[in-house]
Amino acid sequence: MVNVQWFWWFFGALALIFLVMYLFFAWDTKKAVDESFHPKPSPDLHPHHEEEKPQAAQVEVKAESPAKVEKAAPAEEDDLKKIEGIGPKVESVLKAAGIRTFRDLASHSAEELQKILDDVGMARIVNPETWAEQAKLAAEGKWDELAALQDTLKGGRRV
């Protein structure tokens with residue numbers, strides 16, 4: 001007859017290990033789960049129950065004449081992704097820094113652009129050495145020359 005007592009000891013120890021791991025996991029994640037479902041309010045934000053006070057500069061629009069209400073012209077923005085080496089993330093960083101048009105981009109040096117990228121941690125991802133040159137051509141509407149220049153670039157860098 002084979003003695004299976006060692007099997008039951010092993011099985012019991014294994015079950016105990018899994019129970020301890022489960023309890024540790026449940027205890028460890030409880031705080032994270034609680035905070036994700038019930039986040040603490042940010043100190044910068046106003047509580048949602050406070051009424052926002054209207055600013056003095058706001059103009060009331062009468063509901064009587066909706067046809068006469070003129071829409072404000074949208075702020076001029078160019079698609080900076082047309083510049084070789086600028087993608088959606090870099091474009092959002094540049095627009096957050098106030099660079100919204102090709103002319104804005106052309107007016108900055110490569111060092112200034114690199115500083116903006118360094119500040120958000122994109123220092124090694126992209127190289128802005130030709131962005132001002134490309135932006136100047138785009139601002140002047142020289143699309144053929146821009147395309148010819150971009151054919152010689154790879155990721156915004158001279159090949």
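What follows draws every value from the coordinates through simple rules; no lab data is involved. Since the model is a prediction, treat every value here as computed from it, not as a measurement. Heads up, the Cβs are rebuilt from the backbone with ideal geometry, glycines too, and the neighbour counts pull from every protein chain shown.
Scanning region 76-124 for residues that are in contact with a Gly (Cβ under 9 Å, 6 or more places away or on another chain) and surrounded by fewer than 14 Cβ atoms within 10 Å (Cβ to Cβ) returns a single hit, LYS81. Counting the residues of region 81-137 that are among the hydroxyl-bearing types (Ser, Thr, Tyr) and either touching a residue at least 40 places away in the same chain (Cβ under 8 Å) or in a helix (DSSP H, G or I) (or both) gives 2. Count of region 125-159 residues, restricted to those that are under 18 Å from ARG103 (Cα atoms), surrounded by fewer than 15 Cβ atoms within 10 Å (Cβ to Cβ) and either of a type in the set (A, V, I, L, M) or touching a Lys or Arg at 6+ places or on another chain (Cβ under 7 Å) (or both), is 1.
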